[in-house]
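Data first, discussion second: the structure below is written as structure tokens.
Read the figures in this text as sums done on the coordinates, not as results from a lab. Values in this document were obtained by computation on a predicted structure and should not be read as measured data. Glycine gets a Cβ as well: all are built from the backbone with ideal geometry, and neighbour counts include every protein chain shown.
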Amino acid sequence: MNSNAESTNRMATEPVNKLMVKVGVPIVLSMILQAVYNIVDSAFLSRMSEGGEDALTALGLAFPMQLLMVAVAIGTGVGANALLSKSMGQGDSKKVNKVAGNAIFLGIVIYVFFLIFGFVGIKPYVNSQNTSGSINDQAVNMSIDYLQICCCISLGIIFFSIFEKMLQSTRKSFYSTIAQVTGAVVNIIADPIFIYGWLGLPEMGVKGAAYATVLGQVVSAVMAFIFHMKLNTEIDKSPKYMKPRWSIIKEIYQIGLPAIISQALITVMTYGMNIILGRIPQVGANAVTVYGLYCKVQQMITFAAFGMRDVITPVVSFSFGMRNRQRVREGVKYGLIYTAALMVIGTLALEIFAEGITNFFSLTEVTHIMCVDCTRIVSLALIFAGLCIAFQGVFQAVECGIESLLVSIGRQVLFILPVAYILTSFITGAENVSLVWWTFLIGEGITFVCTVLMYIRAKNNKIAGLEG
């Protein structure tokens, strides 16, 4: 039996709970590791001899655009992943090749877009988040420098996301994890060398952090490409399949567009929160810094949920393509159970170690206190956030893209930004700034209730009619 047949057999017959663990552990670890080295970046920058906290504020301003790059790349990869898995489940090898080739073509298009933005769009983007003038010029200029490098050399994160999802679709996620780990290690080693000017290099500060980040991403992308070429024997890598086929691209984005919008809405939320927090009297810049730090800390937990979403989507999509109702239901059941368990563990860790995690960064007293409060309050919303993300994987797998989009709109815009804007109106300074952090528990809780109701409807319309 060839590797393609063996892989298909496992997806069709292996117990779903065991299958999801085998597929999921490397993916979840990979996603968590990605979050960890984002934190390491911030820790090194916070300990610069001058301007450490300004550098953290700069990263907070740059973060929404970084999220957008990841959103477009990963969303495209998710669409290709699910369509590859579905085509394999249907035994359509020719379509599998076309999907893989068009995913690479789309990666090229995405990179060209962000390359152009890196030259012409960075300054207006960063300055638009400082309309209140509460953030000083040094932090603004640092953010521009950092983001220009990340955008102009974004081919690493884009193509790693594409090849990572291809390896996941063929059940070779272990190798994408190796690529991710290697890139993360390179980034962590390069950070102090570039930032502080070790080994005879000039001290580059924020620019050094950016160069270390893109270097790690390029290393991950090159390794993932090599693994794809050598190990994905199910896929024909002939350049002829890179010719754009609009029917294939349409199908990729029918699945992937909700994932793109889902993560792009995080950009909207983060961008909007930076503007809203910046208007808080006396401590607006501190609040922007804290929010940026917490976003990176909580990524260790929410990225685990995104990892589980990326497990749920191909497993449920494959079974949905087979029209096997039992395996679809088991995929949903175990996906939600595993996600909930990860979220509970993550929440407890953040509640217990909030002070210790904050000590990892070199902060002023006011910012330190705000960061501990933010961590303990916002982490209460993680269980709702994680389950909503898991349900999005289900919706994508059973071709309910609108429902997945509505979840994103609810938890990242509709029930967040208006609430935050209202709550900040009651904040007069550092003494009651913690009020704004309750925004996330309110928004995620309301969205979770709406998500469950949408799933019940999708279950009746999409899953109940499958073969027993």
Average projected area of the Cα convex hull of region 87-178, in nm²?
8.2 nm²
So if I place +1 on the C-beta of Lys and Arg and -1 on the C-beta of Asp and Glu, and nothing else carries charge, what would the dipole magnitude of region 3-119 be about its Cα centre? I want it in debye, nearest 20.
700 debye
Rounded, prolate or oblate, given the Cα gyration tensor of region 245-342, with a/c below 1.5 counting as rounded?
oblate
Expressed as a whole number of Å, what is the distance separating the alpha-carbon centroids of region 15-31 and region 234-262?
24 Å
Inverse mean reciprocal Cα-Cα distance (Kirkwood Rh) of region 330-468, Å:
16.7 Å
Integer Hz, Karplus 6.51/-1.76/1.60 couplings in order for region 261-273, x for Gly and Pro:
5, 4, 7, 5, 5, 5, 4, 4, 4, 5, 4, x, 5
So, in nm, how far is label LYS459 from label ILE402 when the simple model puts each one 7 Å beyond its Cα toward the Cβ?
2.1 nm
Which FRET efficiency value, to the nearest 0.05, do you get for ARG376 and ARG279 by plugging their Cβ-Cβ distance into 1/(1 + (r/R0)^6) with R0 = 22 Å?
0.40
Folded to 0 to 90 degrees: helix 365-378 orientation relative to the chain principal axis, Cα:
30 degrees
With a ≥ b ≥ c from the Cα gyration tensor eigenvalues, square-rooted, and the rule rounded for a/c under 1.5, otherwise prolate when a/b > b/c and oblate otherwise, region 23-97 is prolate
Distance between the C-alpha centers of region 158-221 and region 440-468? Whole Å please.
37 Å
Give, to the nearest whole percent, the P(r) tail of region 224-283 beyond 17 angstrom, counting all Cα pairs.
67 percent
List the equivalent ellipsoid semi-axes of region 125-232 in whole Å, largest first, each obtained as the square root of 5λ for an eigenvalue λ of the Cα gyration tensor.
32, 18, 9
Rg and Dmax of the chain, using alpha carbons, in Å: what are they?
21.6, 69
Name the shape class, rounded, prolate or oblate, that the alpha-carbon gyration tensor gives for region 318-409, where a ≥ b ≥ c are the square roots of its eigenvalues, rounded holds for a/c under 1.5, and otherwise prolate holds if a/b is larger than b/c and oblate otherwise.
prolate
Cα convex hull of region 323-365: mean projected area in nm², to one decimal?
4.3 nm²
Net +/- balance of residues flanking VAL372 in space, Cβ distance below 12 Å, scoring K and R +1, D and E -1:
-3
Taking a virtual spin label 7 Å from the Cα of TRP246 along the C-beta vector, which residues in region 103-130 bring their backbone nitrogen under 18 Å of it?
103, 105-106, 109
What do you get for the angle between helix 382-397 and the principal long axis of the chain? Use alpha-carbon atoms, 0 to 90 degrees, nearest ten.
30 degrees
